[in-house]
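Working notes for the structure below.
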Amino acid sequence: MKSPLLSLPGAVPAEGVDEGVAAHYGDLFREQRTLADGTGFVDLSHRGVVAVTGDDRLSWLHLLLTQHVSELPVGVATEALILSAHGHIEHALYLVDDGTTVWMHTEPDTQDALIAYLESMKFFYRVEVTDRTSEFAVVYVPAGSIAEVPDGAVVRETPYGRDLFLPRVDLESYAEKSGPPAGILAYEALRVEHHRPRLGFETDHRTIPHELGWIGTAVHLQKGCYRGQETVARVENLGKPPRRLVFLHLDGSEVHLPGHGTELRLAEEGEEGRKIGFITTSVRHHELGPIALALVKRNVPLDAPLLADSTAAAQEVVVEP
């Protein structure tokens, strides 16, 4: 869906998976500082919105998700994953229950596949699954914001800020009242700074939750059975994940950022050396300069200097080896 906020002054459309909202509004670093200061908002109206209603909604979702949600308190935000039978990540969900409905937002254009899976698992449970993307838009408001929550919005409060499920018809009026907008590039820069993985960026077809640090935040290790639990339990109790997420400081003298999928190699072995991982997300940060998230092999030394093509990179631990 193309956001009406692309008509705001200075709006430059995003490309790729984030097409439909603004990449920025003319000043990337100013927009980052605005969010870091607890003001402004980010239009995430391209994300999918799915609602689950019915008396059995929490107990039913508890059987399908990696997170413990059977007793999820009203208004408390959580994250959850849906895994394949082999434990690979298929969906990442960001949820809140308002007392009658579980609201969740997903990556753009993934809601159809999510709903198809949920519908296939309904059986005799008293639940209804609905695509609300055409009716509700997701808006991010940074932590520390004192902006009022508009009527009709559902709030998902997190340590990083609020996700608002806002009636789509109110999106333009909300923008007029809510301070300067920031684009998706500013949002992504803060996401990378906080080491937060994103489906389709930090994941590929074989990613398991342990590799990204999603254990604890999106995976509950003491809950009952769900698809893929065997892999989660086996890695947690008997093994170690084959890869780990790292945070990278990139050489600031390079003009271009290494893109998603750029191979990482050990610097002492040169640009033709052994591949040990790849860049997942790279951004320019208003204080830290060029930074990135990457997946590397578990046994890569913590102090090893790396190369992304010709760009030097120094790593910080996100997931312990």
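Before moving on, here are some points about what is shown:
- Gln229-Asn299 FRET efficiency (beta carbon distance; Förster radius 22 Å; 0.05 resolution): 0.25
- Hydrodynamic radius of the chain per Kirkwood, over alpha carbon pairs, in Å: 20.6 Å
- Its DSSP H runs of at least 4 residues, each contributing -39,500 (n - 2.57), put the calculated 222 nm mean residue ellipticity of the chain at -4500 deg cm²/dmol, to the nearest 500.
- A straight line joining the Cα centroids of region 69-128 and region 285-321 runs 32 Å.
- Residue with peak Gaussian network fluctuation, the chain [Cα springs, cutoff 10 Å], from Leu93, Leu306, Leu238: Leu238
- Only Cα pairs under 8 Å and 6+ residues apart enter the sum, and on that basis the relative contact order of the chain stands at 19 percent.
- Working from label points 7 Å from Cα in the Cα-to-Cβ sense, the Ser310 to His194 distance is 3.6 nm.
- Burial ranking of peptide ranges 166-179, 277-290, 243-256 (average Cβ count within 10 Å, highest at the top): 277-290, 243-256, 166-179
- Using a Förster distance of 30 Å, the FRET efficiency for Leu221-Thr100 (Cβ separation, nearest 0.05): 0.55
- The residue among Phe124, Thr231, Tyr174 whose Cα reaches farthest toward the positive pole of the charge dipole of the chain, with charges on the beta-carbon of Lys, Arg, Asp and Glu, is Thr231.
- Label-to-label distance, nm, for residues given as Ala267 and Lys122 (7 Å Cα→Cβ offset): 5.6 nm
- Computed FRET value (nearest 0.05) for Leu288 with Thr130, which takes r as the C-beta separation and R₀ as 35 Å: 0.30
- Within straight-line reach of Lys122, meaning a Cα separation under 22 Å, sit the following lysines at least 8 residues removed in sequence or on another chain: Lys223.
Read-outs throughout are calculated quantities, based only on the coordinates presented, and are distinct from any laboratory measurement. Here the structure is a predicted model, which is why all the values come from computation and not from measurement. Here Cβ is always computed from backbone atoms with ideal geometry, including for glycine, and neighbour counts include all displayed protein chains.
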